[in-house]
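S.K.: The structure under discussion is supplied below as structure tokens; questions concerning it will follow.
The values are calculated or read from the model by the stated rules, or taken from the named source; none is laboratory data. Model, not experiment: these values are computed from the prediction. Counting neighbours? That spans all protein chains shown, and the Cβs are built from the backbone with ideal geometry, glycine included. In case anyone asks, the SASA skips ligands and DNA or RNA and just uses the protein heavy atoms, side chains included. Shrake-Rupley method; radii C 1.70, N 1.55, O 1.52, S 1.80 Å.
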Amino acid sequence: MSAPTQAAPASAGYGRVFAVPEFRAVFAAHLLSMLGVIVSEIALSVLVYDLTRSPLLSALTFALGFLPYAVGGTLLAPLADRFPARRVLVVCDVVCAGCVALMTVPGTGIGLLLALRCALAVVSPVFAGTRMATLADVLGEGDLFVLGRSLLRIVAQSALLVGYGLGGLLLTAVSPRHALLITVGTFLASAILLRCGTRHRPARTRQGADAPSGPRTPLTGRRVRVLLLVFWIPAAFSVVPEALAAPYADELGSGSAGLGLLMCALPVGTVAGELFAGARLGPEARERIALPLLCLTLLPYLGFALRPGLAASLVLLLLSGAGSAYTLGLDQWFVRAVPEELRGRAMTVLHAGLMTVQGVGMALAGVAAQTVGVRTAVAGAGVAGVLCCCALAGAVRATGKRPKAETGLTGI
């Protein structure tokens, strides 16, 4: 079992993780890389639209942020354990910086711009999975890991709230290509922080060791399979209101202000729920409430069948977002179930699958809304999601009773 690189004082809440110097470097690098991703998405979308005047191609730049995750997570997942984690993280940041730098070259064609966008998305799950595995090395496998992972999620959710607005403001002052140059700097700064702020650790899996090097998914251990599904399936349903926010705001007649509030409500609830669970609850309490919250988190979506107004809709989304605090307990179970030598690729597969199912969920939400209407689609997602979550909760309980040897991860 990994141990933190420096003991943290026994204090309450999230403050303990910042007492570990390596985590401070990882956290700062995460902020910079998130800034780079968000600004590059906005700037590239605007650049593509300026070059083509095509809303379809502009929207495609966002869609390409989801689609290649499955490819990167499947083919490149073994890299997270075959090479030292610090090297993988730095190389990923440098590759991202290089891809964005090529986007800024005048005369770059649309095809190449979209291909570079795909390259960023292919690299992203490897970076995210390696970083998650590194957290367990830096903070240990216990409560500090859960709190550190939660903080990174909170940063990501908060970035959704403010990042796009700040990116839009930036584009009022500089051109899209100049904005992309700024993101090159953020990726390089992240690479420097990770190179200088974290210590070298050997690869988890040596070349020629028993663990296979091919792109196999972590489906051998039943416990791991179930926990992966608990990460993925609720996320596929939870994105439905976000995917349908624009047509729903139009049905409510709430305009752009209502659309903005609808887009913000779920992330605000998620941040609030995680902050409360991380700061006020202990490890045992977070694990105790994980399965009940899993069963309840999508229940508020059923309220959309009652045709709520804007204020009631926002309350329902806030409640659903707060229920996602079950992930803190889930994080602890997952890191226990995965052998240390396979942790990097397991985290990579987890992250790639999460992004992929969210993209699929958004697409299916549009199909459902086109057929049965927006409110019915959201309520239907709530019904199906609650049933799936209850079944998953039962499966988690069942696998938790199995001997530890049966819950391992082999052949990932």
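S.K.: I'd like to check something: does segment 231-248 contain any residue that is in a loop (DSSP other than H, G, I, E, B), without any contact (Cβ under 8 Å) to a residue 60 or more places away in the chain and not charged (D, E, K, R)? Explain how you work it out, then say what you get.
M.R.: Residues of segment 231-248 in a loop (DSSP other than H, G, I, E, B): 239, 244.
From what is left, the residues that are without any contact (Cβ under 8 Å) to a residue 60 or more places away in the chain are none.
No, there is no match, as no residue in segment 231-248 is in a loop (DSSP other than H, G, I, E, B), without any contact (Cβ under 8 Å) to a residue 60 or more places away in the chain and not charged (D, E, K, R).
S.K.: Inspect all residues belonging to segment 345-360 and state whether any of them is outside any helix (DSSP H, G or I) and either surrounded by fewer than 24 Cβ atoms within 10 Å (Cβ to Cβ) or in contact with a Phe, Trp or Tyr (Cβ under 9 Å, 6 or more places away or on another chain) (or both).
M.R.: Residues of segment 345-360 outside any helix (DSSP H, G or I): none.
No, segment 345-360 contains no residue that is outside any helix (DSSP H, G or I) and either surrounded by fewer than 24 Cβ atoms within 10 Å (Cβ to Cβ) or in contact with a Phe, Trp or Tyr (Cβ under 9 Å, 6 or more places away or on another chain) (or both).
S.K.: Go through the residues of segment 268-275 one by one and say whether even a single one is among the charged types (D, E, K, R) and open to solvent by 40 Å² or more (accessible area, probe 1.4 Å). Let's see the steps before the verdict.
M.R.: Step one: filter segment 268-275 for residues among the charged types (D, E, K, R), giving 274.
Now drop any that are not open to solvent by 40 Å² or more (accessible area, probe 1.4 Å), which leaves none.
No, every residue in segment 268-275 fails to be among the charged types (D, E, K, R) and open to solvent by 40 Å² or more (accessible area, probe 1.4 Å).
S.K.: Follow-up. What do you reckon, is residue 213 surrounded by fewer than 21 Cβ atoms within 10 Å (Cβ to Cβ), modelled with pLDDT under 90, out of contact with any Pro (no Cβ under 9 Å at 6 or more places or on another chain) and among the polar types (S, T, N, Q)?
M.R.: Values: surrounded by fewer than 21 Cβ atoms within 10 Å (Cβ to Cβ): yes; modelled with pLDDT under 90: yes; out of contact with any Pro (no Cβ under 9 Å at 6 or more places or on another chain): no; among the polar types (S, T, N, Q): yes.
So residue 213 does not fit the description; no.
S.K.: Could I ask something else about it? Tally time: how many residues in segment 249-259 are surrounded by fewer than 16 Cβ atoms within 10 Å (Cβ to Cβ) and either outside any helix (DSSP H, G or I) or at negative phi (or both)?
M.R.: Initial filter on segment 249-259 (surrounded by fewer than 16 Cβ atoms within 10 Å (Cβ to Cβ)): 250-251, 253, 255-257.
Next, from what is left, pick out any that are either outside any helix (DSSP H, G or I) or at negative phi (or both): 250-251, 253, 256-257.
The number of residues fulfilling the criteria is 5.
S.K.: For residues in segment 305-321 being over 16 Å from residue 263 (Cβ atoms) and not in a loop (DSSP other than H, G, I, E, B), which is most open to solvent (accessible area, probe 1.4 Å)?
M.R.: Among them, the one singled out is 306.
S.K.: Here's something else I'd like to know. Among the residues of segment 276-304, how many are open to solvent by less than 40 Å² (accessible area, probe 1.4 Å) and of a type in the set (Val, Ile, Thr)?
M.R.: 1
Conditions (1) open to solvent by 70 Å² or more (accessible area, probe 1.4 Å); (2) closer than 30 Å to residue 87 by Cβ; (3) at pLDDT below 85, marked per residue:
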site	(1), (2), (3)
170	no, no, yes
177	no, no, no
183	no, yes, no
191	no, yes, no
194	no, yes, no
218	no, yes, yes
230	no, no, no
233	no, no, no
263	yes, no, yes
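S.K.: Just need a number here: residues in segment 92-114 that are at pLDDT 90 or above, touching a Leu at 6+ places or on another chain (Cβ under 8 Å), part of a helix (DSSP H, G or I) and open to solvent by less than 60 Å² (accessible area, probe 1.4 Å).
M.R.: 7
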